[in-house]
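Single-structure report; data block below.
None of the figures in this text is laboratory data; all of them are computed from the coordinates on show. The structure displayed is predicted, hence computed values, not measured ones. Every residue, glycine among them, receives a Cβ derived from its backbone with ideal geometry; neighbour counts consider all protein chains shown.
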Amino acid sequence: MFSNSKISNIIGKLKGIILENKLKIYLIILISAVIFPIITDNQYYIYIGVLTLMYMILASSLNIIVGYTYQYLIGFAGFFAIGAYTTAIITTSYEVNFIFVFLISGIIASIFALLLGIPTSRLGGIFFAFATLGFGEIIRLIIINWDTLTRGTFGIPGIPRPKLFNFIINTNTNFYYFALLILLVQLFISYRVINSRVGRAWLSLKENSEAAKAMGIKIAKYRVLNLMYGTFWAGMGGAFFAYFTQYVSPDTFVLDEGFRIFAMVLVGGMGTLIGPIAGSGLLTILPELVREFARYQLIIYGIAILLIIHYRPQGLFGAKELAQAKVEEKK
Amino acid sequence: MATILKTDKVCKYFDGVKAVDKVSIEVEEGIILGIIGPNGAGKTTLFNVLTGMLAETDGKVIYKNKDITKLSPQDITNIGISRTFQNIKLFDHLSAHENVKIGFHTKTKTGFIDAIFKTKTYKNDEQKVNEKGIKLLKRVGLAEKQEILGQNLSYGDKRRLEIARALAVEPDLLLVDEPTAGMNAKETRTIVELLDKLNDEGITVIIIEHDMGVIMNLCDEIVVLNDGNVISRGDPNYVQNDPAVREAYLGKGAS
Ligand SMILES: Nc1ncnc2c1ncn2[C@@H]1O[C@H](COP(=O)(O)OP(=O)(O)O)[C@@H](O)[C@H]1O
Ligand SMILES: [Mg+2]
């Protein structure tokens, strides 16, 4: 039987190796991701690839919120839904360039985040979690009941394919590269924001809000900005979902979906950009590998979370451990 | 000399406990003021009220002729008052350098757009926080430890880092709460020298301290608190010989 410390040691050593060869490993992952649709022509695999990338976008969005400021946004699926419905409503009524639709979907999600953030920014931990849980459900109820806009439980079908000049993004492979592009842009932008005055302010709230105040950092403002930034990408993820599946309905955005994305962030590790990528990769692909057990998907998630909490509370690639590994390197 | 800070009958009560009770003090610009008193005298609470971390029960705080009583801690930092904490409050999982960088928040401007496109503002800000940050770490003797996480620093180094971080906001008035607590004689001396030098450079300092050696060495003026009240004030010599002070300390059996 493995002891906790033994497993932690093994993961720690792996981490050391990974850290030393960080750039090489990222490059290998990136190249594999790029050539994946070329080496397989199995449409189903590529389809799973698209979903995996979409969850990576969503988990990375949530991680910016949970992992960098400890705001436990349980109602995350609500913002995903807002993005998806914005896209569905706009594209089924007007012909608008898809880049614009994506931005609008992100911005509308951000505006809702602002409305949610202002009254809740002073709530700590569990109260914030409950308030946002309620928010996610309210969004779903609005979608179901405001049927002149959303067609209620019927959902909105017939979302057209995105078109760039004469090129239509249509096949699974097209969408795969499209999602990969969004993810890379998102990671690039998040990396820059995190490593700036704004990102440092976020970290300071998470680390010690009293000290942050003493440094003149406006806590509520930076919490809300963080929420708006993370949900912007959730809205973009929603737009992608709508374009990809060409159909949105309230069933997609149940609480489960929020928890699924939460699980990805937890398992992969909060507060690092790579953590949620690993988490969503693992938790999307793993259940597919054991498809006979598809019915037990939620159980797999549950077990993954329990194992992580027991053996590695900071997640596979969580921030705390990464930071410590850096110090040990120097010693 | 002008008055930099004035309190007018400042009170802070915690359900019946009069932690700070009608405290009126005046601080001349450019001096080092010591605040002493037995444990529980209300020294830290006074700092918390001055910096807006606690709302006063009554009274007024005037800084540079401006009523700052109702300002938020952030606004108070913005107008030039900075502090350290008795129970050290660092950003534990961030490096010493990152800790100080965060201190420059109010002195930099980078927003989302600047960060994403690496505008001139971003570049200037990053250069500033990197270079000045290292300079501050050097000043407090932490240059070689800039990559070490806050939580992994020694006790004395943590206190030093807090001072460096407090200086990053470029204050005119620096409040330090027991900066030498837990330090040996040699470490204590470096802190005394540092505070003295900062004062020479024009920063007004208010120091809460138990070490009488430090107080006598450093302070131009001393205020003695006991049970939330000012029981004595004056230059070090006067205060040391004030019978009221001896009684307060002997009565509590402390120091
Ligand atoms: N947040 C608080 N809530 C209730 N009582 C407090 C609080 N902070 C301080 N006190 C009380 O106020 C008094 C003064 O405390 P403090 O200012 O910490 O003293 P000192 O710094 O001089 O040792 C003490 O009796 C303490 O118990
Ligand atoms: Mg105290």
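Under a point spin-label approximation (7 Å from Cα along Cα-to-Cβ), what is the B:K118-A:F165 distance to one decimal in nm?
Each label point is offset 7 Å from its Cα along the Cβ direction, giving 2.9 nm.
Determine the shape class of the range A:60-253: with a ≥ b ≥ c the square roots of the Cα gyration tensor eigenvalues, call it rounded for a/c under 1.5, and otherwise prolate if a/b is greater than b/c, oblate otherwise. Provide the component values of the computation, followed by the final result.
Details: a/c = 2.71, a/b = 1.53, b/c = 1.77.
In terms of gyration-tensor shape, oblate.
To the nearest whole number, what is the average tally of beta carbon atoms from other chains within 10 Å of the beta carbons of peptide B:80-86?
2
Quick one: helix B:243-252 against the long Cα principal axis of chain B, what's the angle to the nearest 10°, folded into 0 to 90?
Taking Cα atoms only, the helix is inclined about 80 degrees.
Computed on alpha carbon atoms, what radius of gyration and Dmax characterise the protein assembly as shown, expressed in Å?
For the protein assembly as shown, the Cα radius of gyration and maximum Cα-Cα distance read 28.1, 93 Å.
Farthest toward the dipole's positive end in chain B, which of B:P38, B:A115, B:V27, given Cβ charges of +1 (Lys, Arg) and -1 (Asp, Glu) about the Cα centre?
B:A115
How far apart, in nm, are two points set 7 Å out from the Cα along the Cα-to-Cβ line at A:I31 and at A:I111?
4.6 nm
Could you give the nm distance between label points at A:T148 and B:K66, where each point is 7 Å from its Cα heading toward the beta carbon?
That separation, rounded to one decimal, is 5.1 nm.
For A:K6, which lysines qualify as cross-link partners when the Cα separation must be under 17 Å and same-chain residues fewer than eight apart are set aside?
A:K15
For chain A, what does -39500 (n - 2.57) per DSSP helix run (n ≥ 4), summed and divided by total residues, give at 222 nm, in deg cm²/dmol to the nearest 500?
Details: 15 runs with 252 residues, N = 331.
Helix-only estimate at 222 nm: -25500 deg cm²/dmol.
Using only the Cα atoms of the range A:1-126, build the gyration tensor, take square roots of its eigenvalues as a ≥ b ≥ c, and label the shape rounded, prolate or oblate: rounded if a/c is under 1.5, else prolate if a/b is larger than b/c, else oblate.
oblate
Averaged across the residues of B:111-121, what count of C-beta atoms belonging to other chains lies within 10 Å of each residue's C-beta?
Average per residue, whole number: 4.
Compute the angle between helix B:155-168 and the longest alpha-carbon principal axis of chain B, please, reported from 0 to 90 degrees and rounded to the nearest 10.
Tilt relative to chain B: about 70 degrees.
Which Cα, out of A:P157, A:L184, A:G12, lies furthest along the positive dipole direction of chain A (beta carbon charges, K/R +1, D/E -1)?
Highest projection toward the positive end goes to A:G12.
Mind putting a number on the dipole of the range B:91-155 about its Cα centre? Charges go on the C-beta only, +1 for Lys and Arg and -1 for Asp and Glu, and I need it in Debye to the nearest 20. Could you put the intermediate results ahead of the total?
Working: 12 positive and 8 negative charges, 77 e Å.
Dipole about the Cα centre, nearest 20: 360 debye.
Expressed as a whole number of Å, what is the distance separating the alpha-carbon centroids of the range B:41-84 and the range A:88-106?
Using only Cα atoms, the two centres lie 50 Å from each other.
Excluding residues on the same chain fewer than 8 positions from B:K6, give the lysines whose Cα lies under 26 Å from its Cα.
Once the sequence-local lysines are set aside, what remains near B:K6 is A:K213, A:K218, B:K18, B:K22, B:K43, B:K60, B:K64, B:K66, B:K70, B:K107, B:K197.
How many Cβ atoms of partner chains, on average, are near each residue of A:196-206 if near means within 10 Å of its Cβ? Could the numbers behind the result be given before it?
On the way: counts 12, 16, 7, 2, 12, 3, 0, 5, 8, 1, 3.
Across A:196-206, the average partner-chain Cβ count within 10 Å equals 6.
Using Cβ contacts closer than 10 Å as the measure, can you line up B:H97, B:H105, A:H310, B:H210 from fewest to most?
A:H310, B:H210, B:H97, B:H105
Could you give the size of the charge dipole of the range A:60-253 about its Cα centre, using +1 on the Cβ of each K and R and -1 on the Cβ of each D and E, expressed in debye and rounded to the nearest 20?
So the dipole magnitude of the range A:60-253 works out to roughly 580 debye.
Work out, in µm²/s and without decimals, the Stokes-Einstein translational diffusion coefficient of chain A at 20 °C, 1.002 mPa s, Rh from Kirkwood over C-alpha pairs.
Estimated diffusion coefficient is 104 µm²/s.
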